[in-house]
Each structure stands twice: as C-alpha cells, then as structure tokens.
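Peer 1: Quick one: the structure is below, and I'll ask about it shortly.
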C-alpha cells in the first residue's frame, strides 16, 4: 500500500506540477530576443534595451556562462559556418587521425590476447587499423545499465576483463561511440565526465545514484526542483523558448554529470577540451535525435536523423546533409552563413539538454495511453491526469526539444523540409523505430569496419494481455534496413539484409550475438560495416525491466550491469570459450576479406554467428527466455544471497531479478540485500525465491510496444 501511495503521489505530482509550472513559465517568459531567433517581433524598446545590456555585459566581461542559459558573444576569431555534408569535418578528421594511433596500439594488444590462431596480429596491424564503432540502444535505465556492463566488458580498466574469457581493450581500440535515449545517458556519462570507467561511476558519490526517482516528489529530488526551475528560467530570460525537455534534461543532469547542481555550465562542446578527448584516450561520442515537424504526432520512418557530437550538429540524411558547429548552436544562420544582424551564441549545447533531447519521448507516452488504453495504476484518475497534462503539452508543442534558431535555415530548400523555418524541433532518437543509433556509423566517409550494436529495446509483448515483456526482437535493425532500402535515403549507404522480427524470435537471433553482412560480395556497392548484434538476454538476471522504472537500489543497479558484462563476454567464455577469438575475427573481418586471408578459425566463427539467410516468419509463441547461467557445482559459481521478496500483482509487467544469479569464476559480485516493502518471505532451502522489482508507476515500455505492432 505504501508503494501504491508513493507511486500515485509521484504521478499526480508530476502531472499537476507540469501543467501549473509550465503555464507560469510561459506567462512569465520575456519577449523573444529578436526576429532572427524566433520569427516573432518584440517591441523596438525591448530590443534596444536588450542590446544595450548586452553591450554593457560584453564591455565588462560579464557574459561568461553562469548556468543553463545560453549567452551572447562577440564575433568569434574562427570562421562561423554551416558546412555541406558528404565528408568528415576538418576537426573530426584531425581527431580521428590522432585516435587511430592510440587505437592501433590497443587493438594490437587486444588481438594478441583473445586466442586467435594462425594469425600474425602484429604484422596485420602494422599496415591497417580497423575502425571500430559501438552503438547503444534506447531503453531507459535498462539500456544504460546493461550497456554499462557491455562497456565494462570491453574496457581494459576492468580487472576481470583482462583475464580468461575477457574482452578488455576493445573499448580502448574503438573510434566511435553512439547512443540514444538510455544508451545516450551511458555515452553522456562517459563523455562529459572525462571518460571514467564503469567501476568508477559505480563508486562515485554523485553519479548513477538511482535510489530516488528523479521525478518523485519525496526524498532528495524535492530538494532540487526549485534549482531546476531557476536554471530553466535563465534560458527563458536569455530569449530562448523552453519546453518540457529542458526540465527533463536538468533532472537528468543530477544523475549523469559529476558536478554540483548537475553542472549547468557543462556543454557538449566542452568535451572537446577534456583531457581524455584531447589526448585521444576516449572514443568519439555521438548522440542521436530525430526531427519532428509542426503538428506531427506520429514519426515517419524516413524522418530526418540528427547527430550531435562535441564538434558538430547536423544530419547525413539527403534531406539536410549539413553540419553546424556545436559550440555555436543558438546563433543565427541563413543559407549556411551568419545572418546579417544576427547574434553569436554560446552555451546552447548544454550537455544535459543533449541527453534530454535524445530521450524526449513524451508524445509517444500520450499516443500509447490513447491507443492502448494502457493501465496506469489501474487507470482512472491518475491516467486521466497524465493524459490531460500530456495533451496540454502536445497542443502547445511543449513535448518536444526546441532547437531554434534552426542552423539549416534556407539550406538545401529543394529537399530540406526545415529550410523554410527558423524552428527546429527534435524528439527521442528511437521514435522512428530505429532504437539502435546505427546511422552515423554507416556513413561511408567514416569508414567503419565493424559495429558492435547493443540492443536493449523492449519490443516483445505477451499474447495474454498485450502488455510488453521488454525483450528485443530485432525491430530496430529491421527499421534501419527498411530505411536504407529507400534509394533516396540511402544515397550510397549500404546496410546488410535483415530478417523479419518473427524470424528473430523463432531462430533465436534475439537471444544470442548474431552477425549480419558477413559476406562483402553480397553488396552491390561499398560494403556496410560488419554488424555484430548483441541483444539483451537473461544471463544471470532477468534484465527485462521497464523503461519507465526510475529507481534502483545500488545492488539492483549492479546486477543489471553484471548481466550486461555476461552478455558481452558470453558468460566470461562459459557459453562459448571461442567467443573472444571470434570477437577478434569480427574486428579484422572486413580487412581479412579485402586481403583474401580469412583464417580457418575465423571461418568457423562466421559459420557459428553469421545469420545464414534462412527465415521462419510464422507467428512465434510468447518469448519467455530462461537464465543462461545457472549454478553448476560447489565453488564454481557464486550466488546472490539474502534477497527478499516484494509483493506484486499479477500481469503488471513487473519482472524478476534472479536470486540464484550465477557468476563464473572471476566475475565476482558481493552479496546484496534488495529492499522490500514487505517483510521477508520464508522460502524453502532448496528453492531460492527471486527478488521482484516494484512496478513502475508508469505504463510499461509503450514506445517499444508500438514498434512491435508495426511489424506484427
């Protein structure tokens, strides 16, 4: 009952707070800065007063960033421009050149440790450095934490990753790291904090403390709501429109940025000044979002995909095919050049705002509430309140991320739908069904050889009641395949053939690593990168928790991270001792093909992991996977002990952590007692009872549920 009241209060508070406070912010917001920014014309007196204040601040040097609000600067010494796409920007090309030298050393060491046979890795690496990309899907904290386990497994700083069955060092040899939504939270936590290890994040006093939901009216979040509103007002006072995404972003910042008050001064472009980035000791971080046109509710599969990185913001899609400087976002452009009479702005690219934009899916919540008659705490007044709040926000387009002024104004007007407007609105990068951010890594000019794509989507549903069961079924890669099947969208970009989602389940492709695009001869043009698809699956824990579960005890958090580690390493080599060598084969496969020197061992890996082209499109039974790792003998495996049970109602989408989670030698996890709203339930000695996570106060993963229907 206590949990129900807390969840009810959280939902009621969020809905009411959203309507009232955003309404007051709209009414209190000052007139727009000028016509070039918003398309609205304030009074002459207002403009003159603001220009005078800007001039005084510039003279006195008072325009340094104070917080979340963007600020005006004088004309920069370096040229300000929007470049046409189709190639790497000069700064990225120079950075990649430096990173390649570091990656070559790391990959040479990695390939020498993973047990590759009949392969002279040192000679191979003297003449070629593979370009490795990693891609992390959306899916809330589920995606962030399972993805963190994958990162930990690939990181040479993780002690057990350097032991038998480990894959440590692959991260140090990776050039690109892409994320959206929950995967973007992972990438952002690494990028803006000078690339800490996952273990350092877990031990941090500030980062990833998930005990209290960031939207709960009780506990610590209540203490920082006033500060969040003050920070949002700074942006409004600077003359920029604010939306729900700004509030959301600043709440997220308290979890992902290791600075007081969420580091309101931290920008994405400042990552380029960090020690790890300048010294090429981290991969190049990329975040994804998609464009949403005025009045759009459903996002089309061919929506413009935007990438945001520390150097540039833009799109490789032919509809835009242009990039602006990230640091200068918020400035006024026209046809790729600074607009006459416009302003130069810094501070718009707030790092939390980037992460919030990539996870801004409020409109999708409303759509599924309407469409599915979703059961939010039994429906009734709470559901009605949430729908009322979201309908209000959608009507005034407060459920998006506002990136005006549009840097691509008047650029490529023949095909660019945003060329005629100063407005640019973005939403969650997975709302076009492509929940894995593959697009930026497929660009031919980036020359990526292999993509390790971690899929933590929540695509599957239960046939009994239609509720999501929160496992991936390949929907994201199917959507990417269909996108690039469109000749206008592909423009020379290749993507391998992908089976339908029913085949994914019937053939078990969503339950184990699967490689796509293994034979370069099957491509008519430039081959795509080899795609190593790594889906979320239960190895030592049932990791299909709801996207909208917003609080975890540290022990629960760490269990999900550990499950991700086991996913990446195939149980530290317990499931397939040859897996580390096969990962090595995947890294060098494209160059091996070009040289015609695929080893016998690598050929066996291809047979084992490549999709063989067969299809089974019959409607599958409900997908209900079992744990892959179980106790196998005294001393060999460890168990998580002292786990208590939380009472829950049937069919509410809540899924269990396994109390008898197993861990191979070297994969140690301290005993953890999970919190409970009930007294511990006694259980038979031979039948450990799984610990169950309390249900989220929100509907289950509605975004991914709608994806599944589209391919059913």
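Peer 1: Does residue 451 satisfy the condition of being in contact (Cβ under 8 Å) with a residue 12 or more places away in the chain, surrounded by 24 or more Cβ atoms within 10 Å (Cβ to Cβ) and within 29 Å of residue 130 (Cα to Cα)?
Peer 2: Yes, satisfied.
Peer 1: Does residue 209 fit the bill of being under 22 Å from the mean Cα position of the chain (by Cα) and within 30 Å of residue 171 (Cβ to Cβ)?
Peer 2: yes
Peer 1: Just a yes or no: is a residue in the stretch 564-573 in contact (Cβ under 8 Å) with a residue 60 or more places away in the chain, under 30 Å from residue 215 (Cα atoms), out of contact with any strand residue (DSSP E or B) (no Cβ under 7 Å at 6 or more places or on another chain) and assigned to a helix (DSSP H, G or I)?
Peer 2: yes
Peer 1: Return yes or no: is residue 593 more than 21 Å from residue 154 (Cα to Cα) and surrounded by 16 or more Cβ atoms within 10 Å (Cβ to Cβ)?
Peer 2: Yes; evaluated as a whole, the condition is true for this residue.
Peer 1: Further, regarding this structure: Where in the stretch 305-403 are the helices (runs of 4 or more DSSP H), entirely inside, with at least 2 residues that are modelled with pLDDT of 95 or more and more than 19 Å from residue 439 (Cα to Cα)? Step through it out loud before you land on a result.
Peer 2: Values: elements: 351-358, 362-372, 380-395.
Ranges flagged: 351-358.
Peer 1: Oh, and also: Consider residue 91 against the criteria (1) in contact (Cβ under 8 Å) with a residue 60 or more places away in the chain; (2) over 25 Å from the mean Cα position of the chain (by Cα): it satisfies all of them except one. Which criterion is unmet?
Peer 2: (2)
Peer 1: Further question on the same structure: Please pick out the residue among 138, 165 that is in a loop (DSSP other than H, G, I, E, B), at positive phi and either buried (at least 23 other Cβ atoms within 10 Å of the Cβ) or at pLDDT 95 or above (or both).
Peer 2: Just a single option satisfies the conditions, and that option is 165.
Peer 1: Scan 629, 606 and give me the residue that is touching a strand residue (DSSP E or B) at 6+ places or on another chain (Cβ under 9 Å), at pLDDT 95 or above and within 22 Å of residue 504 (Cα to Cα).
Peer 2: Working: 629 fails: at pLDDT 95 or above.
Testing whether each residue is touching a strand residue (DSSP E or B) at 6+ places or on another chain (Cβ under 9 Å), at pLDDT 95 or above and within 22 Å of residue 504 (Cα to Cα) leaves just 606.
Peer 1: Now for a separate question. So how many residues does the stretch 231-272 have that are in contact (Cβ under 8 Å) with a residue 12 or more places away in the chain, assigned to a helix (DSSP H, G or I) and under 26 Å from residue 204 (Cβ atoms)?
Peer 2: Summing the residues that are in contact (Cβ under 8 Å) with a residue 12 or more places away in the chain, assigned to a helix (DSSP H, G or I) and under 26 Å from residue 204 (Cβ atoms) in the stretch 231-272 gives 20.
Peer 1: Specify which of the listed residues (473, 540, 510) is assigned to a loop (DSSP other than H, G, I, E, B), modelled with pLDDT under 95 and surrounded by 18 or more Cβ atoms within 10 Å (Cβ to Cβ).
Peer 2: After applying the criteria, what remains is 540.
Peer 1: Kindly indicate which of 117, 78 is over 30 Å from residue 592 (Cα atoms) and assigned to a loop (DSSP other than H, G, I, E, B).
Peer 2: On inspection, the qualifying residue turns out to be 78.
Peer 1: Separate question: Checking the condition touching a strand residue (DSSP E or B) at 6+ places or on another chain (Cβ under 7 Å), part of a helix (DSSP H, G or I) and closer than 20 Å to residue 471 by Cα, which residue from 531, 559 passes? Spell out how you get there, then give the answer.
Peer 2: Working: 531 fails: part of a helix (DSSP H, G or I).
On inspection, the qualifying residue turns out to be 559.
Residue-wise test of (1) touching a helix residue (DSSP H, G or I) at 6+ places or on another chain (Cβ under 6 Å); (2) at pLDDT below 95; (3) outside any helix (DSSP H, G or I).
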residue: 125; (1), (2), (3): yes, no, no
residue: 129; (1), (2), (3): yes, no, yes
residue: 134; (1), (2), (3): no, no, yes
residue: 144; (1), (2), (3): yes, no, no
residue: 147; (1), (2), (3): yes, no, no
residue: 150; (1), (2), (3): yes, no, no
residue: 153; (1), (2), (3): yes, no, no
residue: 160; (1), (2), (3): no, no, no
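Peer 1: Answer yes or no: is there a residue in the stretch 199-214 that is crowded, with 17+ Cβ neighbours inside 10 Å and modelled with pLDDT under 80.
Peer 2: yes
Peer 1: If the requirement is being surrounded by fewer than 23 Cβ atoms within 10 Å (Cβ to Cβ) and at positive phi, which of these qualifies: 525, 517, 492?
Peer 2: Unique residue meeting the criteria: 492.
Peer 1: Filter the stretch 247-258 down to residues that are within 17 Å of residue 70 (Cβ to Cβ) and over 15 Å from the mean Cα position of the chain (by Cα) and give me whichever is surrounded by the most Cβ atoms within 10 Å (Cβ to Cβ).
Peer 2: Within the stretch 247-258, the match that is surrounded by the most Cβ atoms within 10 Å (Cβ to Cβ) is 250.
Peer 1: Also: For residue 188, are the conditions met, namely being within 25 Å of residue 68 (Cα to Cα) and assigned to a helix (DSSP H, G or I)?
Peer 2: On the way: within 25 Å of residue 68 (Cα to Cα): yes; assigned to a helix (DSSP H, G or I): yes.
The answer is yes for residue 188.
Peer 1: Determine, yes or no, whether residue 244 is modelled with pLDDT under 95, touching a helix residue (DSSP H, G or I) at 6+ places or on another chain (Cβ under 9 Å) and surrounded by 20 or more Cβ atoms within 10 Å (Cβ to Cβ).
Peer 2: Values: modelled with pLDDT under 95: yes; touching a helix residue (DSSP H, G or I) at 6+ places or on another chain (Cβ under 9 Å): yes; surrounded by 20 or more Cβ atoms within 10 Å (Cβ to Cβ): yes.
Yes: the conditions hold for residue 244.
Peer 1: Now a separate question. I'm checking my understanding of the structure. Among residues of the stretch 273-289 that are in a loop (DSSP other than H, G, I, E, B) and crowded, with 21+ Cβ neighbours inside 10 Å, which one is nearest to the chain's Cα centre (by Cα)?
Peer 2: Looking at the filtered set, the residue picked out is 283.
Peer 1: Determine, yes or no, whether residue 444 is surrounded by fewer than 24 Cβ atoms within 10 Å (Cβ to Cβ), at pLDDT 70 or above and under 30 Å from residue 344 (Cβ atoms).
Peer 2: In short, no.
The values are calculated or read from the model by the stated rules, or taken from the named source; none is laboratory data. All of these numbers come straight from a predicted model, not from anything done at the bench. Every residue, glycine as well, gets a Cβ built from its backbone with ideal geometry; the counts of neighbours run over all protein chains shown.
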